[in-house]
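Trainee: I'd like to ask you about the structure that follows.
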Amino acid sequence: MKPQSTQKEKFAQYLELYKISPTDSDEVASYKVLDCAFDLFCALDALAKNHNAIKAKILNILNPKGE
């Protein structure tokens, strides 16, 4: 597992892309945070789907049906 400081640094760099600043109104900051959360949710969903697809392929290779 990666050191937590490296993960925090990468996450901080990722958050910088959304340009959330202290001068943003609450509405603007909320929108940016929700946009970031939605992007992370979509990435996690895609990762889970890829994981399940790869798992199914591996199981089909290890336990082929019809043989």
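Trainee: Of the residues K32, K55, which single one is assigned to a helix (DSSP H, G or I) and touching a residue at least 12 places away in the same chain (Cβ under 8 Å)?
Mentor: On inspection, the qualifying residue turns out to be K32.
Trainee: I want to confirm something. Restricting to segment 10-29 and keeping residues that are surrounded by 12 or more Cβ atoms within 10 Å (Cβ to Cβ) and assigned to a helix (DSSP H, G or I), which single residue is nearest to the chain's Cα centre (by Cα)?
Mentor: In this case the residue turns out to be Y14.
All of the numbers you see were taken from the coordinates with simple rules; none came from a lab. What you are looking at is a predicted structure, and each value in this text was computed from that prediction instead of being measured. In this analysis, Cβ positions are derived from the backbone assuming ideal geometry, glycine residues included, and neighbour counts consider all displayed protein chains.
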